[in-house]
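Step one of this worksheet: look at the structure below.
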Amino acid sequence: MAMQRSIVSLIGVVVSAFLPASGVAACFEKPRPGVEWTSCAKPDLFLPREDLSGARLDGANLSSTNLSKAKLVGASLRKTNISFAMLREAESGAILARSTLSKSELFRARLTSADLTNAVMIATQLGRADLARAHLGAVNLNNANLARADLRGANLEDAELSGAYMFRARVEGVDLSRAKGLQSDQIALSCGDASTQLPAPIVRPSSWPCASD
């Protein structure tokens, strides 16, 4: 009898070894509101129009994923890799309002017309990102990398930009008068024009407009 119990226990251990841990199993869940994909490797997905509201995507690899027209209201994307991801939507843009994308990788991400209102994007990598006509009201972009990002037509009212790296960021015609934390040295690195509005007491750099690359 003792031998039988030992055999049964051994079988249980062997079977358990091949069952996915709860965290790993969650990575195989289908996209849905509130889905738990924390630290999951899910690159190159095709997720247009998916409702991922409230999703937990912290630390996940979503690089090169198509999120066009995706709904990400309240989703958490802290330290998420969505470099080369497509979040473009011709009419209203991807919805990432109130999302957390701090330290995320969005290099060259297409975020045209995206709604990032009140999003937390501290130290986010946005080099060469397309943020044209994006809704960036009250977004926290402190210490973000905005080098060569296209911000033309974007709404940056009450946006936090302290320490943001703005080398050749396109701000032609952008109203920055109510942006917070901007310094003259940041503005001097960017590319604006006579129609760019700046917060007082920052003055328009003599280097504007930038020469074409």
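Annotations
- Which numbered condition Leu52 misses (of (1) at pLDDT below 90; (2) buried (at least 19 other Cβ atoms within 10 Å of the Cβ); (3) not polar (S, T, N, Q)): (1)
Rundown of residues vs (1) buried (at least 19 other Cβ atoms within 10 Å of the Cβ); (2) small (Gly, Ala, Ser), yes/no style:
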site	(1), (2)
Ala123	no, yes
His135	yes, no
Leu141	yes, no
Glu160	yes, no
Pro199	no, no
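- When the residues of the range 171-197 are filtered to those that are closer than 23 Å to Val120 by Cβ and not aliphatic (A, V, I, L, M), the one that is surrounded by the most Cβ atoms within 10 Å (Cβ to Cβ) is Ser190.
- The range 88-103, residues that are over 19 Å from Cys40 (Cα atoms) and either touching a residue at least 60 places away in the same chain (Cβ under 8 Å) or part of a loop (DSSP other than H, G, I, E, B) (or both): Arg88, Glu89, Ala90, Glu91, Ser92, Gly93, Ala94, Leu96, Ala97, Arg98
- The lone criterion from (1) surrounded by fewer than 23 Cβ atoms within 10 Å (Cβ to Cβ); (2) touching a strand residue (DSSP E or B) at 6+ places or on another chain (Cβ under 8 Å) left unmet by Phe84 is number (2).
- Count - residues of the range 142-159 that are in contact with a His (Cβ under 6 Å, 6 or more places away or on another chain) and within 12 Å of Leu111 (Cβ to Cβ): 0
- Ser76 within 13 Å of the chain's Cα centre (by Cα) and over 20 Å from Glu29 (Cα atoms): no
- Within the range 166-190, tally of residues that are over 16 Å from Leu156 (Cα atoms) and outside any loop (DSSP other than H, G, I, E, B): 4
- Matching residues, the range 48-71, being assigned to a loop (DSSP other than H, G, I, E, B) and within 15 Å of Arg110 (Cα to Cα): Pro48, Leu62, Ser63, Ser64, Thr65, Leu67, Ser68, Lys69, Ala70
- Within the range 104-121, the set of residues being assigned to a loop (DSSP other than H, G, I, E, B) and buried (at least 24 other Cβ atoms within 10 Å of the Cβ) comprises Ser104, Leu106, Ala109, Leu111, Ala114, Leu116, Ala119, Met121.
The values are calculated or read from the model by the stated rules, or taken from the named source; none is laboratory data. In this text, all values refer to a predicted model and were calculated from it rather than measured experimentally. We place every Cβ from the backbone using ideal geometry, glycine too, and count neighbours over all the protein chains shown.
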